[in-house]
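Remarks on the structure that follows.
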Amino acid sequence: MSIKGFLESYSLPELFRLLDSGGKSGKLVVKTDSGYDDSTNNPYYVWFYKGRLVGVTRANTKRNALEKVIENGWLSPRVIDKLMPLCPEGRPVGTYFKSIGALSEKQLNQMFEVDLKQVLDLFEFNYGYFEFENFSHLEPTTILKKMPCSEMTGISLRGTEVALSALRNTQNWDRFTNQLPENSSGLQRLTPKSQYRLVSLEQELWKYSDSITSIKDIARNLRNSDVEVKRAAFRLMMAGLVEEVPQANLKPAAIDLRPLSPVATGASVPSANSNGNKPASQGTTNVSLIRSFMDFLRQKL
């Protein structure tokens, strides 16, 4: 079963989170304009394995993962052509080259950065068409055979982490304006601990996600702008770490229901009886009033 739609109505951060949380494997095709029938458009193919980004390719570009190898002179095209046929089927070429000592782990990381940069650039587009071809129902060996292993490094990154990284560096926030939380809203944690590495502002915001403190108050406490705090909150929301709590649902602060002393209210102090105790009727009246007041508060809250 495939998933398809337009970036105008379903953003890439939401899509990457969906694929991550569902542990999906497959090919995400992204065309960076709304004319998805245009054959001249060169789409991006973003590959996922169990919710993790494993590579990106283009229709008119071959051996993406090895372009940097050749550019940097790590291996010559002649050596690559001799080694490629020896790579086992279904195994990423990057990890195979590392296993035989042809490439180092550092070089593999630099190769993966090329793929990641292409994916992060996709998050800057306002318009586009996407379609996800789902392989998740297939056997693992069959899934790997469908992957472009000859163009993959073997390094992967969770889809949500990719989305977080993209949102931290995005310059175009206009398309997310309607998805940002309101200043009057609070935030509620959805998990006791973050499984992602958070930047400084996100860490501080995480501490204030108590379902009580509003975005505006958090911004004031952190001495930061409302806009930056709302954007950081949106990132945490896209990561599935918090959810927005509208103003109407914010938990009220604790109310002190202790009755005021007679002196404070200006009432006279009741006289004691011969045993030094207050009249029984006074105590009964206070209990009744307090219970009525508590019932009233429960109805209001």
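At full extension, residue 193 and residue 58 could sit 44.9 nm farther apart than now, given 0.36 nm per residue minus the alpha carbon distance.
Taking the stretch 72-148, which GluC sites (Glu not before Pro) meet the DSSP loop condition and have no more than 11 other C-beta atoms within 10 Å?
Values: sites: 89, 105, 113, 124, 131, 133; in loops: 89, 124.
Hits after loop and neighbour filter: 89.
Partners of residue 145 within straight-line reach, counting aspartates and glutamates whose Cα lies under 14 Å from its Cα and excluding those fewer than 8 residues away in the same chain: 89. Restricting the stretch 158-245 to trypsin sites (Lys or Arg not before Pro) that sit in a DSSP loop and have at most 12 other Cβ atoms within 10 Å of their own Cβ leaves 193, 197, 223.
Can you work out the FRET efficiency for the pair residue 82 and residue 137, with r the C-beta to C-beta distance and R0 = 45 Å, to the nearest 0.05? Let's see the in-between values first.
Working: r = 37 Å, r/R0 = 0.82.
Efficiency, from the Cβ-Cβ distance: 0.75.
A short reminder: the numbers here are calculations on the coordinates, not readings from a lab. Keep in mind that what you see is a predicted model, and the values were worked out from it rather than measured. A quick note on method: Cβ atoms are made from the backbone with ideal geometry, for glycine too, and the neighbour counts reach across all protein chains shown.
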